[in-house]
Amino acid sequence: MTQQAQETRRLEAGQPAPQWQMAADDGSSMSSADLAGERYVLYFYPKDDTPGCTKQACGIRDNIGRVTATGVKLFGVSPDSVRSHVKFRDKYALPYPLLSDDGHRVAEAFGVWILKQFAGRSYYGNERSTFVIGPDGVIEHVLPKVKPDEHVDQLLEVLAA
């Protein structure tokens, strides 16, 4: 899908999650097929090592035991390179995988690659949104347009439901 033609809507709870494959920060490849039969979380964020994304990532890091106690596997997703993810992960001791959505194909498939505006310029980037995907591959919950400092609390609330 081209950026100009983008009219994709964010996927919603009850819809099947798209099939995906991405490179992980440890050099491995991760895919939806690898997670078949498991409940997992993909949280899309705009960019490594920026103030909001750092706050969001560290909030999850500081509560990772509570998140994983719900039985989910959690993955951060941005269009940054694996190399960038490694620096970000190491700098903040993030204890969960970061996936490189090179070419933003996965963000487009989930409907979170959007037109943004900042300081008078327009550009495309990830909408800060989170998807909880059930063992059957169906989206259980969507947290759209989350705020970095509220994200982990919102996530824990839906995971406990």
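The values are calculated or read from the model by the stated rules, or taken from the named source; none is laboratory data. Everything numeric here is computed off the predicted structure, so don't read it as measured data. In this analysis, Cβ positions are derived from the backbone assuming ideal geometry, glycine residues included, and neighbour counts consider all displayed protein chains.
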#### Entry: Residue selected from the stretch 37-49 under the condition assigned to a loop (DSSP other than H, G, I, E, B) and either touching a Lys or Arg at 6+ places or on another chain (Cβ under 8 Å) or modelled with pLDDT under 95 (or both), by the criterion farthest from PHE110 (Cα to Cα)
ASP49
### Message
If a residue must be touching a Pro at 6+ places or on another chain (Cβ under 7 Å) and among the basic types (Lys, Arg), how many such residues does the stretch 123-161 contain?
### Response
1
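Do we have ASP49 as of a type in the set (D, E, K, R) and touching a helix residue (DSSP H, G or I) at 6+ places or on another chain (Cβ under 8 Å) here?
yes
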### Task
Sort through ARG89, ARG83 and tell me the only one that's out of contact with any helix residue (DSSP H, G or I) (no Cβ under 8 Å at 6 or more places or on another chain), loosely packed, with under 14 Cβ neighbours inside 10 Å and either under 21 Å from ALA107 (Cβ atoms) or in contact (Cβ under 8 Å) with a residue 24 or more places away in the chain (or both).
ARG83
### Query
When the stretch 129-161 is examined, which residues are found to be more than 24 Å from ASP34 (Cα to Cα) and under 12 Å from the mean Cα position of the chain (by Cα)?
PRO144, LYS145, VAL146, HIS151
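If you take just the strands (runs of 3 or more DSSP E) that sit entirely in the stretch 98-161, which of them hold at least 2 residues that are more than 20 Å from ARG9 (Cα to Cα) and in contact with a strand residue (DSSP E or B) (Cβ under 7 Å, 6 or more places away or on another chain)? It would help to see each step written out before you state the result.
Values: elements: 98-100, 113-118, 121-126, 129-133, 139-143.
It comes to 98-100.
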#### Entry: Those residues of the stretch 111-136 which are crowded, with 16+ Cβ neighbours inside 10 Å, farther than 22 Å from ASP153 by Cβ and not β-branched (Val, Ile, Thr), in sequence order
GLY111, TRP113, GLY125
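Looking at the stretch 57-70, is at least one residue touching a Gly at 6+ places or on another chain (Cβ under 6 Å), among the small types (Gly, Ala, Ser) and not in a strand (DSSP E or B)?
Going residue by residue through the stretch 57-70, those that are touching a Gly at 6+ places or on another chain (Cβ under 6 Å) are none.
There is no residue in the stretch 57-70 that is touching a Gly at 6+ places or on another chain (Cβ under 6 Å), among the small types (Gly, Ala, Ser) and not in a strand (DSSP E or B).
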### Task
Take GLY111 and decide whether it is farther than 20 Å from ILE60 by Cα and touching a residue at least 60 places away in the same chain (Cβ under 8 Å).
yes
### Query
From the set of residues in the stretch 71-93 that are assigned to a loop (DSSP other than H, G, I, E, B) and farther than 22 Å from VAL132 by Cβ, which is nearest to the chain's Cα centre (by Cα)?
ASP80
### Task
Being of a type in the set (Ser, Thr, Tyr) and in contact (Cβ under 8 Å) with a residue 12 or more places away in the chain is the filter; apply it to the stretch 31-79 and report the residue that is surrounded by the fewest Cβ atoms within 10 Å (Cβ to Cβ).
SER31
### Message
Need the failing condition index for THR8 against (1) among the polar types (S, T, N, Q); (2) at pLDDT 95 or above; (3) surrounded by 13 or more Cβ atoms within 10 Å (Cβ to Cβ), just the number.
### Response
(2)
